[in-house]
Amino acid sequence: MCSSCLGLYARPVPRCWTCAARLPAELMGRPRPQCGRCLVEAPPLDRTVTALDYRFPWDGLLQHFKYHQALELRESLLERLNSALSAAEVATPDWLLPVPLSPARLRERGYNQSHELAKSLARRRGLRCEPELLLRVRHNERQAGLKLEARAANVRGVFAIDPLRAARLRGSSVALLDDVMTSGSTLYEIARVLLQAGVMSVQAWVVARTPEPGDE
């Protein structure tokens, strides 16, 4: 990515500490700012960090990476996320876990795009990454085809922790990695499963966040 494009399309913006929604410019630099939604009902995440808005040109690149086996885009996308994590001075987790795909979706795509990002980021940051710890135990409808209010119901009961490995996660801290965050339903559901299993804290690290209506 050239510096001109990064200056145009990857400028830092103030974001909610817990869901990464964009906030008004006057909140830039304030410690741990939160959006009104998170102040009313705190999500089960200690922090969410995202690198980009899911809009031009990143939406096209991420779709190409996700659906068309464009693995050559991985490092360019990952560089943006890694830079955002460094700027955010995130707490180092004990585990970095990608959002899992169902076996049917994995066969369809040929790879899990979140796992591809996570294993490369884990090498860069010296983190433990074992995707087998998290399981997708039910094949659900694609989130992209649902209205926001239906997304939480669509992922309920979909995720679990491998019972033979659950003890490894108790008392630990986890960062979940996904390529795109829209409503947050998927990440929130996984975070609840992890916390119920004894994980002490959960972050979300995502490449891009879908802007709220009206965001500039």
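Per 0.36 nm of contour for each residue apart, how much would the distance between Cys5 and Arg55 grow if the chain were fully extended, relative to their Cα-Cα spacing?
Taking Cys5 through Arg55 to full extension adds about 16.7 nm, to one decimal.
At a Förster distance of 35 Å, what's the computed FRET efficiency of Val40 paired with Ala104, Cβ-Cβ distance as r, to 0.05?
After rounding to 0.05, the efficiency reads 0.45.
Please list 11-20, 201-210, 162-171, 177-186 highest first by mean number of surrounding beta-carbon atoms within 10 Å per residue.
Answer by packing, highest mean first, reads 201-210, 177-186, 11-20, 162-171.
Using a cut-off of 14 Å between beta-carbons, work out the net charge of the residues near Ser83 (Lys and Arg +1, Asp and Glu -1, Ser83 not included).
Summing Lys and Arg as +1 and Asp and Glu as -1 gives +1.
When the chain is treated as a GNM, springs tying every alpha-carbon pair under 10 Å, which of Ser114, Ser76, Ser102 comes out with the largest mean-square fluctuation?
Highest fluctuation of the listed residues: Ser76.
Which order do peptides 41-53, 87-99 fall in by mean Cβ count within 10 Å, highest first?
41-53, 87-99
Can you send over the carbon and sulfur percentage of the accessible area for the stretch 146-212, probe radius 1.4 Å, protein chains only?
Of all accessible area on the stretch 146-212, carbon and sulfur atoms account for 54 percent.
Given 20 °C and 1.002 mPa s, compute D for the stretch 1-99 with the Stokes-Einstein relation, Rh being the Kirkwood radius over Cα pairs; round to the nearest whole µm²/s.
Roughly 142 µm²/s, to the nearest whole number.
Tell me the per residue accessible area of the chain using a 1.4 Å probe; a whole number in Å² is fine.
50 Å²
Roughly to the nearest percent, how much of the accessible area of the stretch 12-59 is carbon and sulfur, given a 1.4 Å probe?
The nonpolar share, carbon plus sulfur, comes to 56 percent.
The values are calculated or read from the model by the stated rules, or taken from the named source; none is laboratory data. From a predicted model like this one, the values you see are computed outputs, not experimental measurements. Reconstructed Cβ throughout: ideal geometry from the backbone, glycine too, with neighbour counts over all protein chains shown. Please note that ligands, DNA and RNA were not included when accessible areas were found on the heavy atoms of the full protein model with its side chains. Shrake-Rupley method; radii C 1.70, N 1.55, O 1.52, S 1.80 Å.
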